[in-house]
Amino acid sequence: MALIEIRNLWKEYGQQVVLEQLNKTVGEGEFITIVGASGCGKTTFLKMLLGTESVSRGQLLLDGKPLPGEPGPERGIVFQRYSVFPHLSVLGNVMLSLELEKSPLLGRLFGGARKTAEKLAKEMIDAVGLGQAMHKYPHELSGGMQQRLALAQSLIKRPRILLLDEPFGALDPGIRADMHQLVLSLWQEHKLTVFMITHDIKEGFYLGTRLWVFDKCRFDPQAPNAYGAQITYDLPVGQTDGHLLKKSPPRAAEKVPPPLPDKYRRNLWNQVFTNIPCPARVIGLCVCGVGFV
Amino acid sequence: MKKLINRVPGRTARWILGVLPFVLCLVLYLAASNARLAENENDKLLPSFSSFAGAIERMAFTPDKRSGNYLLWQDTASSLWRLSLGLGLSALLALVIGILNGAIPYMRAPLSPFITAISLIPPMAILPILFIVFGLGELAKVMLIVIGIAPFLIRDVQQRALEIPAEQLIKAQTLGANTWQIIVRVLFPQIMPRLLASVRLSLGAAWLFLIAAEAIAATEGLGYRIFLVRRYLAMDVILPYVVWITLLAFLLDYVLRKISRMCYPWFHAQIQTAEN
Ligand SMILES: Nc1ncnc2c1ncn2[C@@H]1O[C@H](COP(=O)(O)OP(=O)(O)OP(=O)(O)O)[C@@H](O)[C@H]1O
Ligand SMILES: [Mg+2]
């Protein structure tokens with residue numbers, strides 16, 4: 001069964017239509033990367049998945065039931081910033097969700113229970129490569145380390161769905177490549193379904209099993225707000241790094257097309273560049289994406 | 001030659017410059033006092049340093065003839081007790097109401113306008129009411145401090161709680177936190193250093209209300225003593241008391257700052273990075 005179903009989804013802010021007529025089905029274990037021009041509603045879409053924005057029209061279903069209208073533990077999130085708690089150390093940040101689960105009243109663990117939680121948290125921290133910084137506070141970490149911490153903090157809760165809003169936008173290319181490896185391995189290990197917004201179209205191709213392009217197809221110069229963005233392209237994309245898939249195939253491997261051969265992938269690039277109704281905008285988008293790299 | 005805004009005094013120079021105004025004041029006082037005393041040796045307005053020493057000796061190190069107490073220490077103890085009770089109570093109120101207001105819209109809706117209205121009442125105007133309601137005992141004085149500074153503290157804490165990035169509250173929910181857990185694990189620890197900072201800012205007002213209350217109805221206390229000896233024009237007692245109160249206020253501020261730096265290093269590091 002589909003994990004998430006989007007049925008004729010609309011989002012409006014007053015007069016402004018931001019998203020219109022979205023119809024998609026997402027299965028468990030898919031890695032969806034989302035690209036699109038700035039201001040076209042990508043974050044808004046993610047916020048609806050998160051439950052902090054309401055749906056204007058249509059339905060957003062999780063396991064066939066309407067998505068809860070507030071954030072919950074089955075959906076993890078990493079924002080571009082402000083994702084970790086400044087008053088907790090690395091260990092404290094990662095341990096937090098375990099403490100919240102086991103201690104409803106104080107939200108703190110002591111003694112043996114704490115030891116167990118610490119051990120779990122330390123494994124997670126080592127997995128994201130922050131073992132050396134266990135007792136540091138977020139202000140003592142670099143941007144990349146903070147994002148790794150945010151990932152570890154979310155993943156220890158074992159969410160089914162992970163939402164990422166330009167999580168690596170502020171990182172330099174070298175660190176970004178490390179983060180890509182990290183995200184891919186965590187995605188496979190935890191059998192996650194990932195939605196990731198990026199401005200870097202290469203990143204979108206590289207990481208995702210599906211690439212969604214958000215764009216406005218109808219445009220009225222007299223009323224620029226009258227029409228919203230749609231998902232104009234839904235491309236099955238493979239991973240550049242085939243060996244990762246071979247090592248341990250994701251659970252949804254049957255649904256996901258196998259990694260594409262290089263030649264074909266280049267064709268996909270061409271597709272995005274040329275065969276689209278409003279090429280100028282998307283080319284602009286690609287240039288902007290490449291510019292980011 | 002560098003521009004004036006780029007010229008920074010060194011360590012020693014800063015120290016000397018910092019002490020300079022104090023020394024200047026002392027010298028000015030000494031000159032004026034000597035001049036007046038030379039004209040009339042019984043002048044009471046600007047006493048000499050030897051009469052200060054005498055007064056301090058009398059107030060601090062000789063037991064009072066009537067009660068057998070050392071007055072300065074007795075006054076200090078009761079004033080500090082009232083002050084810390086008032087401050088502590090206000091801080092507690094601010095913590096509870098401020099955080100609840102900041103966290104829960106259904107608390108904020110009825111309470112926030114009400115507290116804003118209360119904070120606009122001039123506390124001194126309702127001092128008589130306090131004395132009528134709470135009597136002339138300790139409670140009325142403590143209540144004056146509370147009514148004077150608690151509304152300010154509550155509003156400040158509420159504001160700080162609202163300023164905590166929404167991302168953090170959302171993140172906490174995705175980690176499985178319920179409302180209560182968000183309050184105790186996310187809001188409370190981040191509000192504490194901010195509360196300490198606003199308590200430090202309200203110290204001046206707290207002293208003001210304390211001394212006002214003591215001046216009107218008390219049997220001991222620093223404010224009471226100053227207003228008592230005013231009748232005899234005893235500047236030799238009043239001035240050392242004022243200096244002593246200032247020193248106490250400074251120490252209190254210093255201790256609060258140290259506590260905050262010790263318990264919440266992440267907070268102060270954050271502020272520094274923001275300033276750079
Ligand atoms: N709370 C809001 N109230 C009114 N309009 C909003 C609100 N949030 C977003 N919008 C509008 O919705 C549109 C989409 O915003 P959104 O943040 O989703 O864009 P985005 O695709 O994430 O852009 P970017 O790539 O720059 O992050 C924008 O035009 C924005 O002005
Ligand atoms: Mg966005």
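Overview of values
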quantity: Check: segment B:49-275 dipole with +1 on Lys, Arg Cβ and -1 on Asp, Glu Cβ, in debye; calculated: 140
quantity: Inter-chain Cβ neighbour average for residues B:241-253, partner chain, 10 Å; calculated: 0
quantity: Proxy reagent accessibility, fewest Cβ within 10 Å first, across B:Trp207, A:Trp212, B:Trp15, B:Trp244; calculated: B:Trp15, B:Trp244, B:Trp207, A:Trp212
quantity: Exposure proxy ranking, count of Cβ atoms within 10 Å, fewest first, for A:Glu28, B:Glu138; calculated: B:Glu138, A:Glu28
quantity: Residue with peak Gaussian network fluctuation, chain B [Cα springs, cutoff 10 Å], from B:Ala35, B:Ala13, B:Ala125; calculated: B:Ala13
quantity: Electrostatic dipole magnitude of the protein assembly as shown [Cβ: Lys, Arg +1; Asp, Glu -1; Cα centre; debye, to 20]; calculated: 460
quantity: ³J(HN,Hα), Karplus 6.51/-1.76/1.60, whole Hz, each residue of segment A:227-237, x for Gly, Pro; calculated: 10, x, 7, 10, 8, 7, 9, 10, 9, x, 10
quantity: Within segment B:237-260: backbone nitrogen closer than 17 Å to the B:Ile271 label point (7 Å, Cα to C-beta); calculated: B:250-260
quantity: Summed residue charge, Cβ within 12 Å of A:Leu19's Cβ, Lys/Arg positive, Asp/Glu negative; calculated: +2
quantity: Neighbourhood charge, 15 Å Cβ-Cβ cut-off, centred on B:Pro265 and excluding it, Lys, Arg +1 and Asp, Glu -1; calculated: +4
quantity: Cβ crowding within 10 Å averaged over residues, with A:228-237, A:140-149 ranked highest first; calculated: A:140-149, A:228-237
quantity: Per-residue average of Cβ from other chains inside 10 Å of A:50-60; calculated: 1
quantity: Neighbour-count order for A:Thr198, A:Thr25, fewest beta carbons within 10 angstrom listed first; calculated: A:Thr25, A:Thr198
quantity: Inter-label distance for A:Glu123 and A:His135, nm, one decimal - labels placed 7 Å from Cα along Cα-to-Cβ; calculated: 2.4
quantity: Charge sum, other residues only, whose C-beta stays under 13 Å from B:Arg36's C-beta, Lys/Arg counted +1 and Asp/Glu -1; calculated: -2
quantity: Virtual spin-label span in nm between A:Gln16 and B:Asn42, 7 Å along Cα→Cβ; calculated: 8.3
quantity: Approximate spin-label separation A:Lys115-B:Arg231, in nm, with each point projected 7 Å along Cα-to-Cβ; calculated: 7.0
quantity: Packing rank of B:24-34, A:183-193, where each peptide gets the mean count of other beta carbons within 10 Å, highest leading; calculated: A:183-193, B:24-34
quantity: Only Lys, Arg (+1) and Asp, Glu (-1) charged, at Cβ; segment A:1-57 dipole about Cα centre in debye; calculated: 120
quantity: Computed E for A:Ala223/B:Ala166 - FRET, C-beta separation, R0 25 angstrom, nearest 0.05; calculated: 0.20
quantity: Partner chain coverage, peptide A:83-90 - average Cβ within 10 angstrom; calculated: 6
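Readers should treat all values here as calculations from the given coordinates under stated rules, not as data from a laboratory. What you are looking at is a predicted structure, and each value in this text was computed from that prediction instead of being measured. So basically every Cβ, Gly included, is an ideal-geometry build from the backbone, and we count neighbours across all protein chains shown.
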